[in-house]
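In what follows, a structure is listed as structure tokens, so that the remarks can point back to it.
The values are calculated or read from the model by the stated rules, or taken from the named source; none is laboratory data. Predicted model, so just to flag it, every value in this text is computed and none were measured. Here the Cβ positions follow ideal geometry from the backbone for every residue, glycine too, while neighbour counts run over all protein chains shown.
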Amino acid sequence: MEKLVLLVALGNSITICNAILELTGTHDIDGTWKSSITLPCVYGPSQDFVQQTVIWILDRDQSPATIFRRDSSGDHIMLSHYRDRLSVPKYRPGDVSLEIEKLEITDSGRYTCKVTWRGQNSSLLTKETTTTVKVVKVAVTKPIIRPGNLGFIVPKGARTSLTCSASGSPPIIYRWFKGEPGGSAVHVSNHAVLMFDSLQTSDSGKYYCEAENRASSQVIQQSDAVQLTVRDRTKLATTVPSSETQVHTTVKPVSERDLITILLTTESDVQGPERHEVTTGHQRTTLPLYLIILIAVLCVAVVFVVITVVLCRRKTKEDSPYEVTYCNSKNDVRRPTCSGVNSKCNYEPAKPTIENNYLTEPISENDYETIAIKKNVEYETLVDAMESEYEVGDVQ
């Protein structure tokens, strides 16, 4: 009975561990020739199991071969065909996906991800998942021409570019032509970007590009033609072609800055509201109300500070006169007040005086005489009593 319980517990633990260490991948993936691809192989890490080995096997034409192995000694790429093109993440626990760069047609096949873990009781557990990869060549699409920042209407002497972009399996070959498609066009470049360092009037005209790759089977994709217009800065800017919005100007020589303003503004009106309007020259702009208020407040503050500083400096330079109260008993005429600093005033010399303002009042002599003649009755009574006591004592 105990053995049966142990077997049931062991079976449950194995089932739980299998659920935790289940590998997740993709069954079928289409890869683009000369591009990159990732074959997913992930699991949920467990503290009870430690990853021991990771092996990727390629089965092509019923010939399986190990192309990648990771163990305690490190990562190993087993086939030279995959050197510098194959890798497995190292620092993402539970992620052992295979990344292949610069796909070749021969990379098609069945890729098997096999992971082995070691449990706490030294038991080994192995899981695997298989992904089928098909590498295909994607034909190039019809290219699209994108102008530079100045658009398709630019002033003479400016710098601009035209970019030809297409999608498909690399490498994609580009060619630029000047002229009408199907006509007597002139080949001007073999790069995706057609650069103009200093535009001249002779550069005006129609341009188109072609794109092709190895997957196109000699089929060349051609873009629509675009019109590049170069404006001469010395001419009068009166009107623009009918396909563009008319711009009214004054009849006077147009400067370089004004011409750029007109051309860029016209271009932004034609191409839609998503393009930012760029204006230069003498065009008037209106400031927001909050900026006007802020500028006014700053000006008032600056004027107030300047006035305060000027008044403070003038006040420190001036002498502060003080007055000395002049008093005497002879009713002298008061002299004018003078400053105590660097002043030319005659001061009255100090004269010590012992004079006072005591007044003598007449008093009668009778008051003094009364005090001297008046007898003190209580005193005489006391003296008589003391003499009587002495006399009695002597008789005894």
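Miscellaneous remarks
- Qualifying position, being in contact (Cβ under 8 Å) with a residue 60 or more places away in the chain, in contact with a helix residue (DSSP H, G or I) (Cβ under 8 Å, 6 or more places away or on another chain), not assigned by TED's automatic domain parsing to the domain that holds ALA166 and not hydroxyl-bearing (Ser, Thr, Tyr), among PHE152, PHE49: PHE49
- Test: residue in segment 135-149 that is charged (D, E, K, R), part of a strand (DSSP E or B) and either touching a residue at least 40 places away in the same chain (Cβ under 8 Å) or within 21 Å of ARG214 (Cα to Cα) (or both): no
- Residues of segment 75-111 that are in a strand (DSSP E or B) and surrounded by 13 or more Cβ atoms within 10 Å (Cβ to Cβ): ASP75, ILE77, LEU86, SER87, ASP95, LEU98, GLU99, ILE100, GLY109, ARG110, TYR111.
- Residue within segment 98-108 that is among the aliphatic types (A, V, I, L, M), over 30 Å from GLY168 (Cα atoms) and over 44 Å from the mean Cα position of the chain (by Cα) present: no
- Among all residues of segment 49-56, there is none that is farther than 25 Å from SER72 by Cβ and either part of a loop (DSSP other than H, G, I, E, B) or out of contact with any His (no Cβ under 9 Å at 6 or more places or on another chain) (or both).
- Test result for ILE100, at pLDDT 90 or above and touching a helix residue (DSSP H, G or I) at 6+ places or on another chain (Cβ under 9 Å): yes
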